[in-house]
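The structure appears below as structure tokens.
Any read-out appearing in this document is the output of simple, stated calculations on the displayed coordinates, not a laboratory observation. Note that this is a predicted model, so its numbers are computed, not measured. Cβ sites come from the backbone with ideal geometry, for glycine too, and all protein chains shown count toward neighbours.
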Amino acid sequence: DAGITQSPRYKITETGRQVTLMCHQTWSHSYMFWYRQDLGHGLRLIYYSAAADITDKGEVSDGYVVSRSKTENFPLTLESATRSQTSVYFCASSPAGGPDTGELFFGEGSRLTVL
Amino acid sequence: AQRVTQPEKLLSVFKGAPVELKCNYSYSGSPELFWYVQYSRQRLQLLLRHISRESIKGFTADLNKGETSFHLKKPFAQEEDSAMYYCALRTGTASKLTFGTGTRLQVTL
């Protein structure tokens, strides 16, 4: 039972490079999310997706791109990394509707450092 | 726009003392509130949600619409309660949550 997995767990890159963080879930959850966690800011939503091929911006989407060609995958790409994007990134998923709506299941996080 | 405020970055209490983690929200509609917890080296996970009106690990939280608050309480803190706690607000039909900045609870002997 793998659940939701993120890769890589740790990444160091340089300013201007493109970086892709991967997220894979095995539950067939409709919703998937990317959050970043920063001291003093808590968790902020970057992008979310309600289903395959449906994505929408969160509150801090500038500089990020997502895609969702398959239900189980939701990669996050930093097109040209900046130091301000140094953060811990969390992927999460959630089933649609029903009593579990609102419960997010989180990955272990990907710690990204941009030098 | 919706907002969640957790005024305390760190709350330090002695084992056996009562705990109250504060959470206030702003939202013009009908809110759904949650508490999430992140223990050391573990994933962020749901602790409780207001619609369930349940007690989890001795924690309870009551939604007070008049004061727009959803404070998390426990009568007697345990060492294993030490963790990072996030209050979250769900608005709309999606599972999208707005999180507060988090409060680190430190329970000492």
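Which residues, taken from the range B:32-62, are part of a loop (DSSP other than H, G, I, E, B) and surrounded by 19 or more Cβ atoms within 10 Å (Cβ to Cβ)?
Start the filter on the range B:32-62 by keeping residues that are part of a loop (DSSP other than H, G, I, E, B), which leaves B:39-44, B:53-55, B:57-58, B:62.
Selection gives B:L44 alone.
Scanning the range B:59-79 for residues that are touching a residue at least 40 places away in the same chain (Cβ under 8 Å) and more than 11 Å from B:V37 (Cβ to Cβ) gives B:E67, B:T68, B:S69, B:F70, B:H71, B:K73, B:K74, B:P75, B:F76, B:A77, B:Q78, B:E79.
Filter the range A:14-31 for residues that are away from chain B (no Cβ under 14 Å) and surrounded by fewer than 18 Cβ atoms within 10 Å (Cβ to Cβ) and give the result.
Pass one, the range A:14-31, residues away from chain B (no Cβ under 14 Å): A:14-22, A:24, A:26, A:28.
Of everything in the range A:14-31, those that are away from chain B (no Cβ under 14 Å) and surrounded by fewer than 18 Cβ atoms within 10 Å (Cβ to Cβ) turn out to be A:E14, A:T15, A:G16, A:R17, A:Q18, A:T20, A:M22, A:T26, A:S28.
The set of residues in the range B:92-109 being in a strand (DSSP E or B), facing chain A (nearest Cβ under 7 Å) and more than 11 Å from the chain's Cα centre (by Cα) consists of B:L97 alone.
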